[in-house]
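Here is the structure we will look at.
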Amino acid sequence: MSRLDSVIRRLTAQRDCLGWAVDHAPEGQFLDIGLGNGRTYHHLSEIAPERDIWSIDRAMKAHPSSIPPKELYLEGEAVAMIEDLAERVGQTISLAHYDLGIGVPEKDRPLADAVGNVLHNILAPGALIVTNAKFEGFEMLPTPDGVPEGRYFIQRA
């Protein structure tokens, strides 16, 4: 499979999993870990306009149409920013999206493990995590029809 086909498959899986999760998430705020260009943040704000969406990234690089409100954006390393967010909002995040890494599992795993270890501090009971990496200690849920197995994951706190 070409890398282009692979990214199309990943983005389609991501969109489908996010759509399902938005429909099934408990009450609360959302969190996008890794704002990047802002595509996921923009999508979430379109399909869940009533939710506050926090965003975290090392540096603001989002497209101008996808910049979150200043009061809902945290800039810095993911683990430290999640810890900071926990102090601000407690366990009120009902949906978290995580899609960090370079696509090389052995290089991406340490960050995913570190983030997974602190997610418990911000997730409301029954919160959903839509992710490109499996996190330990969370319930694995089935993905929507059409999402290739192992391509994207939905987990519950």
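The values are calculated or read from the model by the stated rules, or taken from the named source; none is laboratory data. A quick note: this is a predicted structure, and the numbers were derived from the prediction, not measured. Because the Cβ atoms are built from the backbone with ideal geometry, glycine has one as well, and the counts that use them run over all protein chains shown.
Structural remarks
- Residues that are in a loop (DSSP other than H, G, I, E, B) and touching a residue at least 24 places away in the same chain (Cβ under 8 Å) were ranked within segment 55-70; the one that is surrounded by the most Cβ atoms within 10 Å (Cβ to Cβ) is 68.
- Taken together, 98, 152, 73 contain a single residue that is aromatic (Phe, Trp, Tyr) and either farther than 13 Å from residue 21 by Cβ or surrounded by fewer than 19 Cβ atoms within 10 Å (Cβ to Cβ) (or both), which is 73.
- When residues of segment 90-107 are limited to those that are β-branched (Val, Ile, Thr) and farther than 20 Å from residue 29 by Cβ, the one modelled with the highest pLDDT: 104
- For segment 1-35, the tally of residues that are free of Cβ contacts under 8 Å to residues at least 40 places away in the same chain and assigned to a loop (DSSP other than H, G, I, E, B) stands at 3.
- Within segment 102-135, considering residues that are of a type in the set (Val, Ile, Thr) and in a loop (DSSP other than H, G, I, E, B), the one farthest from residue 92 (Cα to Cα): 104
- Against the conditions (1) surrounded by 14 or more Cβ atoms within 10 Å (Cβ to Cβ); (2) not in a helix (DSSP H, G or I), residue 86 satisfies every one except (2).
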